[in-house]
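One structure below.
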Amino acid sequence: MLVKQKGAVLIVSMIMLLLLTLLAVSSMKTTIMEEKVTGNYKDKNMAFQSAEAALRAGEDYLRNIVTLPVFTGANGLYQPTTSGASRWNMVDWSVSGQVVTYALDDDPEKLNGVADQPNYIIEELLPVIDPDDSLETGVALENKFYRITAQAVGGSSTAVVMLQSVFKR
C-alpha cells in the first residue's frame, strides 16, 4: 500500500536551514564588530605610544640643552597664556613653526605605522619659590617648571591623543 507524502521533511529542512543561516549571520556581525573594536584599540594605542615618544623628546630637550633659548612662541617654545585659555588649544598643530615635530634622537628616522609624526610644544611656566630652600639676602631661589604638551595620531588620523607632563629644571 502506498502512503501519500506531504513534504513535511522538506519544510522542516528549510526551517532548519533558515535558522542556521540566521545564526551564522549573527555570529559574523559579532565577529566584524569585535574586529572593529580591536582595530580602534590598536589605533588609539599607537597614538598614545607616539604621544609618549614626543613627550620624552621634549623632556630630553629640556634635560640636555645647556642654555635654553628665550621662549617667544617660535619653534614650539611658549610663555604661559595670561588670558586663561589653554596654550595647547591656541596652537595650530599642523603648522611646523608653531610646534616641534618628533624625530628619533635627532635622526630623520620617523615612527613607523602612524599616519603623521607626533608634535609637541613646551611652555615655560611661572617661577615657583620653594619654601624649603634657603634664601640669600634679598634673592629668592626659583625653580623653573615647564609644561610639555604632545599631540599624536595613530594609524589613522581619527585617533588623536594629547598628553602633558611637567618638567622641573
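Observations on the model:
- All lysines inside 25 Å of K44 as judged from Cα atoms, apart from same-chain residues fewer than 8 positions distant: K29, K36, K110
- For T81, nonlocal amide neighbours, meaning residues 5 or more places apart or on other chains whose placed amide H falls under 5 Å from its own, are R87.
- V160/M90 FRET efficiency (R0 25 Å; Cβ-Cβ; nearest 0.05): 0.90
- Over all projection directions, the Cα-based convex hull of the chain averages an area of 19.1 nm².
- Peptides 21-27, 69-75 ranked from most to least packed by the mean count of surrounding Cβ atoms within 10 Å: 69-75, 21-27.
- Integer Hz, Karplus 6.51/-1.76/1.60 couplings in order for segment 62-74, x for Gly and Pro: 5, 6, 9, 7, 6, 10, 6, x, 6, 7, 10, x, 8
- Segment 1-24 and segment 25-73 have their alpha-carbon centroids 55 Å apart.
- Available extension along the chain between L19 and E52 is 6.9 nm, counting 0.36 nm per residue and deducting the alpha carbon span.
- Local electrostatic count at G155 - Lys and Arg +1, Asp and Glu -1, tallied over other residues with Cβ under 10 Å: +1
- Mean Cβ neighbour count within 10 Å, used as a protection proxy, ranking 30-43, 148-161, 87-100 highest first: 148-161, 87-100, 30-43
- Report note on the peptides 57-64, 8-15: ranked by the mean count of other C-beta atoms within 10 Å, highest first, their order is 57-64, 8-15.
Read the figures in this text as sums done on the coordinates, not as results from a lab. Not measured: the values here are computed from a predicted model. Here Cβ is always computed from backbone atoms with ideal geometry, including for glycine, and neighbour counts include all displayed protein chains.
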